[in-house]
Amino acid sequence: MTPNALPLVLAGPILRRLARERLTLWIAVREPVQLRLTLVCGAALPQSHLLALGGAGCRLLTAGTRLHYLLIDLALEELLPLDRWIGYTLALRPLDTDDAGWQDWSDWAPDLCYPGRSSPGFVLPSRVGALLHGSCRKPHFDGSDGLLEADRLLARCLGEEPETRRSADAERAAHEALPTWPSLLMLTGDQVYADDVAGPMLRAIHQLIARLDLPDEPLAGMERTGVVNAQSLYRHPAGFYRRETLLPRHRRNYALMEVLFGGVEKPVFTTDSAHNHLITLAEVLAMYLLVWSPAPWQGISLEPPPGLDEASHALYRTERLAIEGFIAELAAVRRLFAHLPVAMIFDDHDITDDWNLSREWEEIAYGHPFSKRVIGNALLGYLLNQGWGNCPEAFAGQTLELLQQSLAAPGSATHEDCIERLLGFDHWHYSWPTTPPLVVIDSRTHRWRSESAARRPSGLMGWEALTDLQQTLRGQPAVLLVSPAPIFGVKLIEAIQRIFTWFGQPLLVDAENWMAHPGAAHAILNIFRHPRTPQHFIVLSGDVHYSFVYDVELRGRIRGPDIWQICSSGLRNAFPPRLLDVLDRANRWLYAPRSPLNWFTRRRHMRVVPRKPEGTPHGRRLLNGSGIGLVEIDAEGVPWRIRELLTDGRCVTFTRRESESRWD
């Protein structure tokens, strides 16, 4: 297949951080291009910006002969208006063409625009009146995509004038009305599953690597298997569904398998073993393109590779049906990303399962060159595809220079240096200057490691990171705080995790919750109680594969802030239904307000009011099913309506049940 058979735009455009004076946009293209960005708002004269590669406002990174990443981070001379539709046109011109070679969105993504609009666009809000959030998007999950529901919501919103904003009182009265245009889309973790890849997806990844002409990568630590580089890995008989057999043999190989490939069955929260874990940098880069855009799927064959046994063939056929459904919805996902500013943060599956769960996990995973490379490659992919647009200035200078050299020569000493730098990087967290401000924490690399026992779960944030967070929050009346794992979780599930941790088996139950580490739990609760931190906290979380809402009040000598723990998970994933039903029922019985067990386990002077997802079976508090969260917020920073848009067409509202409040 010739290079011209590839579409010019491979993925994007994806809107990232937006402000009145700055616009950030990410795009992946087949070849270097010149860009022309035009902004149009009402009758005002269009703003046109011609951007040269490598110049001010446009950074280029090249990963292969036919894969180039562009991050537009444009400082605007004229401030963008608030609460009005701003249309934009991104035109591209390959460098080897003349002025007649300009191509805009109608040439390379004719379905990028919503009906009734002449271009893509966005709304820059004076305050956050509504937002969408979700996590855990697994392509081969047997179901639809919550991002598709978000796209449908935007299409319905455009039936009304997005510039029109109701007062808070009018919004409350119109309970069934559409929300205001969402201010942002917050993806709270597991945007990709690097550790759980379907066979058809891996088949597509390898074809795309060849089409993009991504460079080969030498691999250390696998010589006994005959795998010395990426190409020998792709051809290896164990390359599909049996990658865990390629692990190097050494004294603690059992632990390395457990850490990296999920080789241990988890009896409480079951997870399939990840037999197609991404290994090379090229695999990670191709995966991102394939989960965010329909364009790179053009010309890809999903026929199974040779050499599969009967069981693998059967699994491949099942996964293929799910992947074909996933592909069919990607055009809507691309359109959504082009219309809302998208904020992202990693959780474990963006890198590998149970990433940094304990000090023992880190010592094993980073102590071997093979596992360190696998983790490092996923982290490089996260930086390039997700982290870069969250806060571009955090990655300026040497970090991007090392990244470019690593992309050009994966497996080189520079590549190893880049991985080492990113493993020690401490600015994955970020804030956006919205009203209320969006504060996104890194709960994966700022861990509070146990000094007493290496197997004990680490705290989700260390003392220094929590101190910095407190300084960030000081003086704010309200905040949107993003924690990938819920800060206030389901009490029974946390109790089960504590039991398994006590027996020295935290990996068996993903024992990662804020209350699992006494130091981290005490510190985060003290931040909430501090008199100079916000009085209204909206905590957005994911991770757990079910959705729930708790209203939390912290009591002490003085009344603490109002906290809403809002969990939406997953976008394209779900919890085993029967198991969740058992856990939900048991949690309500064992920790009911009048339950003796609840009284005996009270520790933190918290009043917790669970919300009921309306329309679900009697008593249910945990909502299962793929979808996306929709939170509507008043001028004081208080969520007045919390809903989940499910892929089965239901719109479920979480209703406060005062009579079910309990002390914890």
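The values are calculated or read from the model by the stated rules, or taken from the named source; none is laboratory data. Quantities reported herein were computed from a predicted structural model and do not represent experimental measurements. FYI the Cβ positions are ideal-geometry reconstructions off the backbone, even for glycines, and counts take in every protein chain you see.
When you look at Thr435, is it in contact (Cβ under 8 Å) with a residue 24 or more places away in the chain, under 30 Å from Pro125 (Cβ atoms) and among the polar types (S, T, N, Q), yes or no?
yes
For the list (1) in contact with a helix residue (DSSP H, G or I) (Cβ under 6 Å, 6 or more places away or on another chain); (2) at pLDDT below 90, I need the number of the one condition that Asp584 fails.
For Asp584, the failing item is (1).
Kindly indicate whether any position in segment 248-270 is modelled with pLDDT of 90 or more and either within 22 Å of Asn356 (Cβ to Cβ) or within 27 Å of the chain's Cα centre (by Cα) (or both).
No.
When segment 206-223 is examined, which residues are found to be part of a helix (DSSP H, G or I) and under 28 Å from Ala413 (Cβ atoms)?
Result: His206, Leu208, Ile209, Ala210, Leu212, Glu223.
Inside segment 27-46, can you point out the residues that are part of a strand (DSSP E or B) and surrounded by 17 or more Cβ atoms within 10 Å (Cβ to Cβ)?
Answer for segment 27-46, where residues must be part of a strand (DSSP E or B) and surrounded by 17 or more Cβ atoms within 10 Å (Cβ to Cβ): Ile27, Ala28, Val29, Val33, Gln34, Leu35, Leu37, Leu39, Val40.
Please go through (1) touching a residue at least 24 places away in the same chain (Cβ under 8 Å); (2) closer than 27 Å to Leu8 by Cα for Ser48 and return the number of the only condition it doesn't satisfy.
With respect to (1) touching a residue at least 24 places away in the same chain (Cβ under 8 Å); (2) closer than 27 Å to Leu8 by Cα, Ser48 is out only on (1).
Could you grab the pairs with beta carbons closer than 7 Å, sequence gap of 6+ or different chains, first residue in segment 518-544 and not assigned by TED's automatic domain parsing to the domain that holds Glu636, second one at pLDDT 95 or above?
none
At pLDDT 75 or above, under 19 Å from the mean Cα position of the chain (by Cα) and more than 24 Å from Gly459 (Cβ to Cβ): which single residue out of Phe575, Phe548 fits that description?
Just one listed residue meets the conditions, Phe575.
Out of segment 283-314, which residues are closer than 15 Å to Arg243 by Cβ and at pLDDT 95 or above?
Matches in segment 283-314: Glu283, Val284, Met287.
Take residues that are touching a residue at least 60 places away in the same chain (Cβ under 8 Å) and among the small types (Gly, Ala, Ser) and tell me which of the helices (runs of 4 or more DSSP H) falling wholly in segment 310-417 contain 3 or more.
Result: 310-328, 369-382.
Considering only residues that are in a helix (DSSP H, G or I) and modelled with pLDDT under 90, which ones fall in segment 147-192?
Ala168, Asp169, Ala170, Glu171, Arg172, Ala173
With respect to the numbered conditions (1) among the charged types (D, E, K, R); (2) surrounded by fewer than 17 Cβ atoms within 10 Å (Cβ to Cβ); (3) at pLDDT 80 or above, which one is the sole condition not fulfilled by Arg559?
The failed condition is (3).
Pairs only if they're at least six apart or on different chains, beta carbon under 9 angstrom, first in segment 557-568 and within 17 Å of Thr653 (Cβ to Cβ), second at pLDDT 75 or above and surrounded by fewer than 19 Cβ atoms within 10 Å (Cβ to Cβ); list them, first residue then second.
Partner pairs satisfying both residue conditions: Trp564/Val638.
Can you give me the number of residues within segment 23-61 that are under 16 Å from Pro81 (Cβ atoms) and under 27 Å from the mean Cα position of the chain (by Cα)?
1
Where residues in segment 281-327 are over 21 Å from the mean Cα position of the chain (by Cα) and of a type in the set (S, T, N, Q), which of them is surrounded by the most Cβ atoms within 10 Å (Cβ to Cβ)?
The qualifying residue surrounded by the most Cβ atoms within 10 Å (Cβ to Cβ) is Ser312.
Restricting to segment 93-116, name every residue that is in a loop (DSSP other than H, G, I, E, B), surrounded by 13 or more Cβ atoms within 10 Å (Cβ to Cβ) and in contact (Cβ under 8 Å) with a residue 24 or more places away in the chain.
Trp102, Ala109, Leu112, Cys113, Tyr114
Restricting to segment 451-491, and then to whatever is modelled with pLDDT under 80 and over 26 Å from the mean Cα position of the chain (by Cα), can you tell me which residue is nearest to Val549 (Cα to Cα)?
Among those residues, the one meeting the criterion is Arg455.
Among the basic types (Lys, Arg), without any contact (Cβ under 8 Å) to a residue 40 or more places away in the chain and part of a helix (DSSP H, G or I): is that true of Arg203 in this structure?
Here the answer is no, as Arg203 does not meet what is asked.
Evaluate segment 212-234: report whether one residue or more is touching a residue at least 12 places away in the same chain (Cβ under 8 Å) and within 30 Å of His133 (Cβ to Cβ).
no
Tell me which residues, restricted to segment 494-510, are at pLDDT 60 or above and crowded, with 23+ Cβ neighbours inside 10 Å.
Listed by number, the list holds a single entry, Gln497.
Pairs, please: C-beta under 6 Å, at least 6 apart or cross-chain, first residue touching a residue at least 12 places away in the same chain (Cβ under 8 Å) and crowded, with 24+ Cβ neighbours inside 10 Å and in segment 131-143, second of a type outside the set (A, V, I, L, M, F, W, C) and outside any loop (DSSP other than H, G, I, E, B)?
His133/Gly629; Gly134/Gly146; Gly134/Gly629; Arg137/Arg572; Lys138/Arg572
Consider segment 420-440. How many of its residues are in a helix (DSSP H, G or I) and buried (at least 21 other Cβ atoms within 10 Å of the Cβ)?
The qualifying residues number 1.
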